[in-house]
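I have placed the structure first, in the form of structure tokens, so that the comments after it can refer back to it.
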Amino acid sequence: MTAGGRPAEPEVIWTRPVRAGRGPRPAHSRDSIAAEAVRIADAEGIEAVSMRRVAAGIGAGTMSLYNYVPRKEDLHELMVDAVSGEYELAPPSGDWRADLLALARQARALMHRHPWLPRLLSPVYGFGPNALRYLEHSLACLAPLEIPGGEKLELIAAVNGTVATFVGSELALAERARSLPWSEAAEQGVRTAWLGSRLASGEYPRLAEALVAGGPVSPSALDMAAVFDRSVSRLLGAWAPAP
């Protein structure tokens with residue numbers, strides 16, 4: 001063990017005692033530490049999360065926090081697992097596509113509640129207790145799909161990747177809209193007028209036809225929930241056993 005309670009060798013936070021070393025009963029829990037870190041990230045962004053801020057939030061000294069969480073990476077892992085516990089895992093319906101779409105909708109809502117989450121999603125942080133519960137449930141939903149287990153995990157990863165990419169775009173658009181010195185409607189009006197002038201030139205007939213058939217091109221005018229459902233449903237529809 002190095003100074004500050006940091007491990008000298010690789011370890012998984014879940015195998016570590018709740019508090020390293022001897023002494024009285026721990027004054028804090030991993031749940032309270034994770035909850036404070038999540039609160040800070042939700043309010044101010046992931047960049048605002050530091051060991052000092054979290055320690056101050058729970059009434060602990062910064063160095064004493066290292067007795068509970070040796071590294072900032074461990075803190076991130078606790079955060080990801082804490083919010084993974086927000087899934088409501090209903091019994092599988094027998095329709096695996098419907099079940100995975102329902103989980104994808106929950107994942108989208110989860111990422112909107114915690115906008116920092118897409119940045120931390122990775123296999124490194126995917127195997128805490130709540131994340132394992134989510135994966136086990138997802139595999140139960142996929143029981144009717146007759147493909148190898150490894151491919152089922154690939155499908156779950158593909159859905160989660162699609163959700164993270166979709167929400168990342170939504171969050172980026174919302175952040176840009178907040179930073180504009182004029183209204184989003186004024187910005188979109190100028191862009192739509194320019195695009196219309198280019199389409200009217202006749203240089204892009206296929207694009208013009210596609211946009212006319214597709215309806216509004218402004219993200220604010222789209223039903224993003226419907227677009228999301230179509231995107232995930234198309235992915236699920238393409239995933240079936242080879243003939």
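The values are calculated or read from the model by the stated rules, or taken from the named source; none is laboratory data. Given the structure is predicted, the values throughout are model-derived calculations rather than measurements. As a convention, Cβ positions derive from the backbone with ideal geometry for all residues, glycine included, and neighbour counts pool all protein chains shown. Ligands, DNA and RNA are stripped out before the accessible areas are found, and what is left, the full protein with its side chains, is counted by its heavy atoms. Shrake-Rupley method; radii C 1.70, N 1.55, O 1.52, S 1.80 Å.
What accessible area per residue comes out for the stretch 29-81, rounded to a whole number of Å², with a 1.4 Å probe?
39 Å²
Could you tell me which of 60, 40, 79 has its Cα farthest along the dipole of the stretch 32-84 towards the positive end, charges placed at Cβ (Lys, Arg +1; Asp, Glu -1), taken about the Cα centre?
Value computed over the given set: 60.
Considering amide H positions built from the backbone, and no H for Pro or chain starts, which residues 5 or more places from residue 128, or on another chain, come under 5 Å of its amide H?
Hits under the 5 Å cutoff: none.
Where Lys and Arg each count +1 and Asp and Glu each count -1, what net charge lies around residue 45 among other residues with Cβ under 11 Å from its Cβ?
-3
Using the scaling law 2.2 N^0.38 Å as the reference, what is the normalised Cα Rg of the stretch 52-203? Write out the running numbers ahead of the final one.
Details: Rg = 20.9 Å, N = 152, 2.2 N^0.38 = 14.8 Å.
Relative to the rule-of-thumb radius for its length, the stretch 52-203 sits at 1.41.
Going by average Cβ density within 10 Å per residue, which order do the peptides 86-98, 162-174 take, highest to lowest?
Final packing ranking: 162-174, 86-98.
Pop out the carbon and sulfur fraction of the accessible area of the stretch 59-137 as a percent, whole number, probe 1.4 Å.
Carbon plus sulfur share of accessible area: 57 percent.
Given a cut-off of 17 Å, what percent of all Cα-Cα pairs of the stretch 61-111 lie beyond it?
Percentage above 17 Å: 53.
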